[in-house]
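Rule-based calculations on the coordinates, nothing more; no lab input. All values reported here derive from a predicted model rather than from experimental measurement. Here the Cβ positions follow ideal geometry from the backbone for every residue, glycine too, while neighbour counts run over all protein chains shown.
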Amino acid sequence: MVEIATSLLSLEKEENLQTLYNLEVAGTDYFHIDVMDGKFVKKDTTDLMRRYTETIEQITTTPIEVHLMVEDVEAYVKAYVDMGVKSITFHIESCKREKEIRNLIAYIKEHNIQVGLTLKPNTNIEEIYPYLPYLHRVLVMSVEPGAGGQEFIEGSIEKIRKLNAFAYENGYDITIEVDGGMNEKTVPKVVEAGADIVVVGSYMFQSNNYKETIAKLKA
Ligand code: DX5
Ligand code: ZN
């Protein structure tokens, strides 16, 4: 059954404590923390996302997954490894050299945190193949990183299918996660293509019954 990671990018500050608690009770499998540095993408969510992470740590037992949309990956990895998060995923486009990516993967794993690589819609899936043996997760962006509420990019389905087939053929035990434009229409398509986790932002916050929404997407 597909797992649901709720993205907090669309969550307004003032409502968050009760909402986080309601989401935990509704059964979200993860909280998805969208860290944006204002350089890799225009928006800067660094302070807000750090506060959300601290709050979630204090009031729920739901695991936290971090999606770094930043240029200085090392600095943000160092900041989040000490915050008790379950996984950290960074963009392959943020790193210039293969050696840097390998060092970051090793550093995250040394801190007993799951590691993922993510890629923008225009980046070929083949670019992450060399790292698959070392990754726990691959996050396939089905929208351009930087904002919630965007349209799902249909081309993502082929990417997910190719990744799923390649991982299977090579015996890589990779969790495939899809992020962006997830709703009751797009989730079945990406699950059929091989997605294990879907990140849901605006669709979740448009609903007035999180439990129902989560159950519908998992069905
Ligand atoms: C976009 C973020 C996504 C986004 C998903 O840069 O990485 O996690 O918040 O939001 P929706 O579900 O509204 O596309
Ligand atoms: Zn995200």
Please report, ordered by residue number, the strands (runs of 3 or more DSSP E) entirely within region 119-209 with at least 1 residues that are hydroxyl-bearing (S, T, Y).
175-179
Could you list, in sequence order, the residues of region 137-177 that are of a type in the set (A, V, I, L, M, F, W, C), in contact with a strand residue (DSSP E or B) (Cβ under 7 Å, 6 or more places away or on another chain) and within 10 Å of ligand 1 (Cβ to nearest atom)?
L139, M141
What are the pairs, 6+ residues apart or on separate chains, where a residue within region 143-167 that is polar (S, T, N, Q) has its Cβ under 8 Å from a residue that is not in a loop (DSSP other than H, G, I, E, B)?
S156/V140; S156/M141; S156/V178; S156/V190; N164/I176; N164/A193
Taking region 1-39, which residues are buried (at least 20 other Cβ atoms within 10 Å of the Cβ) and in a loop (DSSP other than H, G, I, E, B)?
L8, L9, L11, T28
Can you tell me which residue is nearest to ligand 2 (Cβ to nearest atom) among those in region 109-126 that are loosely packed, with under 14 Cβ neighbours inside 10 Å and over 18 Å from E71 (Cβ atoms)?
N124
For region 130-149, name all the residues that are surrounded by fewer than 16 Cβ atoms within 10 Å (Cβ to Cβ) and on the phi < 0 side of the Ramachandran plot.
P130, P133, Y134, E144
What's the number of the only condition in (1) assigned to a loop (DSSP other than H, G, I, E, B); (2) away from ligand 2 (no atom under 16 Å from the Cβ); (3) under 26 Å from N209 (Cβ atoms) that E71 fails to meet?
(3)
Which of the residues that make up region 89-118 are more than 18 Å from A75 (Cβ to Cβ) and assigned to a loop (DSSP other than H, G, I, E, B)?
N112
Could you figure out which of (1) among the polar types (S, T, N, Q); (2) surrounded by 21 or more Cβ atoms within 10 Å (Cβ to Cβ); (3) out of contact with any Asp or Glu (no Cβ under 6 Å at 6 or more places or on another chain) isn't true of S87?
(3)
Considering region 74-84 alone, what residues qualify as being loosely packed, with under 15 Cβ neighbours inside 10 Å and in a loop (DSSP other than H, G, I, E, B)?
D82, G84
